[in-house]
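*Asks:* Following this message is one structure expressed as structure tokens.
The values are calculated or read from the model by the stated rules, or taken from the named source; none is laboratory data. Everything numeric here is computed off the predicted structure, so don't read it as measured data. Virtual Cβ from ideal backbone geometry, glycine too; neighbours counted across all protein chains shown. Heavy atoms of the whole protein, side chains included, go into the accessibility calculation; ligands, DNA and RNA do not. Shrake-Rupley method; radii C 1.70, N 1.55, O 1.52, S 1.80 Å.
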Amino acid sequence: EKDPVRVLVTGAAGQIGYALVPMIARGIMLGPDQPVILHMLDIPPAAEALNGVKMELVDAAFPLLKGVVATTDVVEACTGVNIAVMVGGFPRKEGMERKDVMSKNVSIYKAQASALEKYAAANCKVLVVANPANTNALILKEFAPSIPEKNITCLTRLDHNRALGQISERLNVQVSDVKNVIIWGNHSSSQYPDVNHATAVGKPVRELVKDDEWLNGEFITTVQQRGAAIIKARKFSSALSAASSACDHIRDWVIGTPEGTWVSMGVYSDGSYNVPAGLIYSFPVTCKNGEWTIVQGLPIDEFSRKKMDATAEELSEEKALAYSCLS
Ligand code: NAX
């Protein structure tokens, strides 16, 4: 039997946490033959709820689950973890300024970066889910300088999967037959869902849909606004789809993407596609041997260029705002 992998979930008493931890314990993130030890972190007001989640994990008797650490102590939570899924954060409340929310998250991510840097296992892979996801990941990277920048990512796989879902519904094909959509940029409504290189049942999506107006308009806004549509319908924000997409993100990163298929991940920009270096920006990536690589050489038309630049611009502003909270 394989040695267990230690997986940290922060914000584990929250909505996404509640959907995510059973998926991890069932092998959906790391595979059906990979034992896991779950580390769950939340803050003291949620300690009792967190303990309730731990009780349910025990009650579910997951064969792959070899241990559960449920704690409000960041050091205990981070110690020895191989994978860290950062779901905990400070949500925007009504009437709050953007800067105040940013400031709260900057201090959370700064502190958790230091704990991961000191106590996580070497080569720990980090996925930031909590919003503002790209900028939280950037702060985490800045304050954990000994963690390789390639190990720090943020979640845009939910947006990617939403785009696959929309194309599948529109064409009435299986979602598994749609591939190679791209989410460029920020996990926010400025993101650019791009189908120019996407295929369905092996044919270009643009040729099959035969409606550029829809693809350049309603399709894009539907994907961008999907989070808000879920809140309107459910009165809570996306949770099961976010948890499932977080598992997809880590699984593909660790196990690899299938030949000929790419996925979207928020990663540290090296300047590919003229995206400013030094931002955490969502790109198309392939993964192999536990490492992601940005897909190179895709032709970018003028429509795409504008949208890719606009979302980069927003990320640069967020970065500046985050830095202003540090001083
Ligand atoms: P919840 O409010 O249900 O849960 C968040 C949990 O984090 C709470 O239990 C809270 O006590 C905990 N927490 C707060 N500060 C913490 C800290 N310093 N350390 C550890 N835990 C802490 O939110 P939920 O619906 O689970 O969403 C979690 C985060 O995911 C939010 O920031 C949300 O905006 C973000 N999302 C990101 C998505 C993405 O695709 N990147 C999509 C879904 C989601 O909206």
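*Asks:* Counting only residues that are assigned to a helix (DSSP H, G or I), surrounded by fewer than 22 Cβ atoms within 10 Å (Cβ to Cβ) and not basic (Lys, Arg), how many does segment 137-150 have?
*Replies:* 2
*Asks:* Within segment 262-274, how many residues are outside any helix (DSSP H, G or I) and either open to solvent by less than 50 Å² (accessible area, probe 1.4 Å) or small (Gly, Ala, Ser) (or both)?
*Replies:* Of the residues in segment 262-274, 9 are outside any helix (DSSP H, G or I) and either open to solvent by less than 50 Å² (accessible area, probe 1.4 Å) or small (Gly, Ala, Ser) (or both).
*Asks:* Still on this structure, please answer the following. If you go through segment 10-49 one residue at a time, how many are of a type in the set (Val, Ile, Thr) and surrounded by fewer than 22 Cβ atoms within 10 Å (Cβ to Cβ)?
*Replies:* 3
*Asks:* Looking for whichever is more than 21 Å from the chain's Cα centre (by Cα), open to solvent by less than 60 Å² (accessible area, probe 1.4 Å), polar (S, T, N, Q) and modelled with pLDDT of 95 or more here; the options are Ser316, Ser304. Which one fits?
*Replies:* The match here is Ser304.
Okay, residues lined up against (1) under 16 Å from Lys150 (Cβ atoms); (2) within 16 Å of the ligand (Cβ to nearest atom); (3) in contact with a strand residue (DSSP E or B) (Cβ under 7 Å, 6 or more places away or on another chain):
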| residue | (1), (2), (3) |
| --- | --- |
| Val223 | no, yes, yes |
| Arg226 | no, yes, no |
| Phe283 | yes, yes, yes |
| Met308 | no, no, yes |
| Leu326 | no, no, no |
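*Asks:* Would you say Asn161 is touching an Asp or Glu at 6+ places or on another chain (Cβ under 9 Å), closer than 24 Å to Thr221 by Cβ, more than 8 Å from the ligand (Cβ to nearest atom) and open to solvent by 20 Å² or more (accessible area, probe 1.4 Å)?
*Replies:* yes
*Asks:* For segment 54-63, indicate whether the set of residues that are open to solvent by 80 Å² or more (accessible area, probe 1.4 Å), in contact (Cβ under 8 Å) with a residue 24 or more places away in the chain, touching a strand residue (DSSP E or B) at 6+ places or on another chain (Cβ under 9 Å) and of a type outside the set (Asp, Glu) is non-empty.
*Replies:* no
*Asks:* Follow-up question, since we're still on this one. What pairs can you find where one residue is in segment 27-38 and without any contact (Cβ under 8 Å) to a residue 12 or more places away in the chain and over 10 Å from Lys2 (Cα atoms), the other is open to solvent by less than 20 Å² (accessible area, probe 1.4 Å) and part of a loop (DSSP other than H, G, I, E, B), and their Cβ atoms are less than 6 Å apart, with a gap of 6+ or different chains?
*Replies:* If the second residue must be open to solvent by less than 20 Å² (accessible area, probe 1.4 Å) and part of a loop (DSSP other than H, G, I, E, B), no pairs are left.
*Asks:* So, one more: Given the condition in a loop (DSSP other than H, G, I, E, B), without any contact (Cβ under 8 Å) to a residue 40 or more places away in the chain and more than 20 Å from Met308 (Cβ to Cβ), answer yes or no: does some residue in segment 178-198 qualify?
*Replies:* no
*Asks:* So, in segment 234-261, of the ones that are away from the ligand (no atom under 14 Å from the Cβ) and of a type outside the set (D, E, K, R), which residue ends up most open to solvent (accessible area, probe 1.4 Å)?
*Replies:* Ile255
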